[in-house]
Every structure is written in C-alpha cells, then in structure tokens.
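The structure appears right after this line, and notes come after that.
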Amino acid sequence: MDNSPNLTRRQFVTVIGAAISTLIGAAVGLPAIGYLLSPALEKQEGESWILLGPLDNYPLNQPTLFTFTRTKKHGWEKTTTSYGVYVLRTSPTEVRVFSNVCTHLSCRVTWKEEVQEYICPCHDGHFAIDGSIISGPQPRSLDEYETKIEDGNLFIFLKEA
Amino acid sequence: MVRRLFQWLDERLGLTTIHDVVLDRKVPKVNWWFTLGSASLFLFLIQGITGVFLTVYYVPSPDHAYDSVQYIMNEVRFGWLIRGIHHWGATLMVLVVFIHMLRTFFYAAYKYPRELTWISGVVLLLATLGMGFTGYLLPWNQRAYWATTVGTQIPGTIPFIGPFITSVMRGGSELSALTLARFFSVHIWFLPAVIAATIGLHLYLVIRLGISHIPDEND
C-alpha cells in the first residue's frame, strides 16, 4: 500500500477534507471582509442645491442670516446638522452667500451691524462684509457658496463632508 | 524547510502527540449518526463566528435594536448572509444537538463509564435551548417581543416562586430595555462561556473514554 504510486485512502480523505474546509472558509471568510468594510465603502452623497427662498426677500447690501438643517443617515441613526449662511445681495440681480463657520476653529460668526463686520466670539476674529480677513487668527476668508437664481429663487450648492 | 520548521515546532509543542491522542484514536465500526457530535461542534463555532460579526452592527437597545437589524439585512454588504447563517444555524444546531442526544440514548452510550459525558451533554442541550430562547428576542420585532412575553410568563405559573422567576428573567415586572439588555448579555457572554467550558469537558471525556460501539446481540 505504501509503495503504491497512487493516493492512499487516508491521503485522499485528507486532501478532500482540506479542500472542503478551504471552500467553506472562503465562502464565509470573504463575505465577512466585505461585511466589516461595508460602511467605509459607502459613497456619501452630500451634494445638493439648497433653496434659500425668493431673492427679493433679502435686502440690498445687508448680510442676512439664513439657517437650515440637513439630516444624514449613519447606519441605523439619523444625525441632523444645522447650517447658517449669510446672504449678501450686492445688486438687484447679484448675490454672494457666505458660510457663518469661522475658518479658524469652526465657531459661528455673527454680523455686527454697528461695526459692519462679521465677528467670531471665540478668538476675536473679524471679517469684512465681503468675507475677507480684517484681523484675528483665522487662516482664510469666510467660505463662499456657489449660487444660482431660478425664477427669482436663490439656491446655494452645498457639499457636505 | 517546511519539514524542519514543523520538527522545530513539534519538538516544543508536541503537535504529533496531540494529533495521535485527539484525532488518531481507535474507534469501533460506527455509522453516520456518530458524526452529529462533530456537526454540533462545527455549528457552535459557526454560530460563534457569525455572532461576533453581528455584534459589529447590532445594538441591544429598544431604540436601535430593530433598526440596526434592518440595517444589517438591507444595507451592510453580505449582512443578509452573516445573519442568515446565524439564523438558520441556530435552528439547525438545536436539531443536530437533539438528534445527537437521541443517538446516544438509543445506542445506550450514556452508560458506565460515560455517565459524566451524558450529564455534560444534558447541560449542553439545555444551554443550546437557552441560546435559542435568548437570541429570539434580540431582533426586537413583534414576534420576538410576544414570544418572550409568553416565554417568560410560562415559569410564572410555578407555585410560590413563579412570579419571582418571571421578574428575574424580565428584569422587572414587564418586558423592557432591561429585558433586552440582559437577554443580550446572557446570549453573548454567559451561555457561550458555559457552552465552551462544557464542550471542553465533554470532548475530554470522549477522548479519554473513547466512544462505545453499536449495541449488538451480545449486549
């Protein structure tokens, strides 16, 4: 039996056993990798046009705060994030929209009518009416949104992280 | 190279000895019914592995339990497969363990000197049923909720101590977040620990005592 060039019965069973085990292991093991990685592979669709209402609602040359919330789904839970933007109508047909998130450490800036500046309360950051830096620790001017006007309605393009 | 590496490891770990004692045992002529013990062990391992994977997404809280199961089934890649294996494996395990017990009973394999193997097997059977009972609540759907309402009410009919047992199982007078949390804990920690330890004893006894032959006209 040992001198036979063919597989012994025992060797045959060992090989078949190993093959079947590998097959079962792969059938469960490979999907298991996909299972674990799944949330990381999801595309986060975070781009959309947000309606800010009729353009005529916004006064000329006076930054006006508009707030809205966006709900995002993380697995079995929904998280609502609130956004604030300053709408600055520079002419009857032209408009600029700034984020109220300070570019320093993400506190919220406020438009101060009396000094004509956006002021961040956290570290005393000052921004001009067009979002540019006046003084403070912030590295860049206020982030600006892409805008479009359709049928007199103002939209901004929001990209969520 | 592989051979030398194996010899180096074997000399230190005693792999050949383990193989000879554990796997290369002398067994009487047996039939397919004798594979059910191994099948039970295999199913336990499968349930353990898929169960560990399910805890990656499952949340044992009334707020999220149902939603997290829906998430596993509909959105996680192969979530349906992992949970499907766990779901059907649970049913199959109860079936296989039970038939394994019937085989032992009808072949009279529980007699001297294998009484302890039988007793540890009884513990394993009951623990397996306990796994089925506690696992059934976890999806937190209507069927799970009412099945557990009924299941915890049944011991309540025992005279004197019944209502106390019911409230211990539920963690209070009614089904709540506490019930879900303790069922989850029992399902993933207490019972698996009991089963793993008892399987250790059960297998030790099988290896030490060997398996009995099929009764014949001389018995």
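The numbers here are math on the coordinates, done by the rules we state, and not lab data. Because the structure is predicted, anything quoted here is derived from the model rather than measured. Note: ideal-geometry Cβ built from the backbone for every residue, glycine included; neighbour counts use all protein chains shown.
Annotations for the structure displayed:
- The stretch B:21-43 - residue that is among the polar types (S, T, N, Q) and either without any contact (Cβ under 8 Å) to a residue 24 or more places away in the chain or assigned to a helix (DSSP H, G or I) (or both) and, of those, farthest from the other protein chains (Cβ to nearest Cβ): B:40
- For the stretch B:71-82, the candidate set comprises residues that are within 16 Å of residue A:42 (Cβ to Cβ) and facing chain A (nearest Cβ under 7 Å); within that set, the residue that is surrounded by the most Cβ atoms within 10 Å (Cβ to Cβ) is B:76.
- Taking helices (runs of 4 or more DSSP H) as the structural unit, those lying wholly within the stretch B:54-144 and holding at least 1 residues that are within 20 Å of the chain's Cα centre (by Cα) and under 24 Å from residue B:178 (Cβ atoms) correspond to B:79-106, B:115-137.
- Hey, residue A:84 on the phi < 0 side of the Ramachandran plot, outside any loop (DSSP other than H, G, I, E, B) and without any contact (Cβ under 8 Å) to a residue 24 or more places away in the chain or not: no
- Test: residue in the stretch A:40-48 that is part of a helix (DSSP H, G or I), without any contact (Cβ under 8 Å) to a residue 60 or more places away in the chain, within 11 Å of chain B (Cβ to nearest Cβ) and not aromatic (Phe, Trp, Tyr): yes
- Any chance residue A:143 is under 26 Å from residue A:69 (Cβ atoms), charged (D, E, K, R) and without any contact (Cβ under 8 Å) to a residue 12 or more places away in the chain: no
- The stretch B:44-67, subset more than 8 Å from every other protein chain (Cβ to nearest Cβ) and within 16 Å of residue B:145 (Cα to Cα), residue surrounded by the fewest Cβ atoms within 10 Å (Cβ to Cβ): B:63
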